[in-house]
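Take a look at the structure set out below.
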Amino acid sequence: PVGNGINLKLGVWDCPMGYEAQNATDNPNYTRSWGHTVEPTQHTGLLANYKVNDWLSIAGAIANTYDSVINGRAPGQTMKTYTGVITLTAPESFGALKGATLTGAAIDGRTTGGGPPDRTAIYVGATIPTPVEGLAAGLAWDHVNFADSATNPNTHDTDVIGAYVTYKATEKLTLSGRAEYMHL
């Protein structure tokens, strides 16, 4: 039935957007990407995840602030931060693309102690299986609007494009690599 299986997290949680994980043991690379650096990483608030079916998952969140400050507050605390995430997973009928994922996410809010304008981040990422056994590839695009250039000409948007490759060589050995381009 609809609504059965909604997963709720209340308190401090990792931001559900991005190609890399906040937890170092879940991250395939030794270092963090520039995309991970410009994204928000943790929030204090409420996160809801729901797997609609085998090919569609959604998430939504409301948090105190855009940044990683636990229990951070925006001025006046009237402005909250909102997040939406949609993930599509290719079903078996997609043949060689079975299991490929496409994720789109957006987050909008203010930083701790920050006033207007809001900071907005958009993320699009894909993981694509390849015909080579154990080899997977991925792409990620992060766009962050740091401020309103009409009111503050010294600010700008930032874009990061990343390409990822992972190869499971043996049961206990996986090799991962990443290449990035960042535009400030």
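The values are calculated or read from the model by the stated rules, or taken from the named source; none is laboratory data. From a predicted model like this one, the values you see are computed outputs, not experimental measurements. Cβ placement follows ideal geometry from the backbone for every residue including glycine, while neighbour counts extend to all protein chains displayed. Protein only, heavy atoms only, side chains kept; ligands, DNA and RNA dropped before computing areas. Shrake-Rupley method; radii C 1.70, N 1.55, O 1.52, S 1.80 Å.
Quick rundown of the values:
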| read-out | value |
| --- | --- |
| Amide hydrogen neighbours beyond the local backbone of THR111, cut-off 5 Å, H modeled | TYR66, ARG119 |
| Within segment 52-73, backbone nitrogen closer than 20 Å to the virtual label 7 Å beyond the Cα of LEU8 toward Cβ | 52, 58-65, 71 |
| Estimated distance in nm for a label pair at VAL124 and ASP54, the labels positioned 7 Å out from Cα along Cα-to-Cβ | 2.7 |
| For MET79, solvent-accessible area (1.4 Å; no DNA, RNA or ligand), Å² | 40 |
| Vicinal HN-Hα couplings computed from phi for segment 97-108 (Karplus, 6.51 cos²θ - 1.76 cosθ + 1.60; Hz; Gly/Pro x) | 8, 3, x, 4, 10, 10, 10, x, 8, 9, 9, 9 |
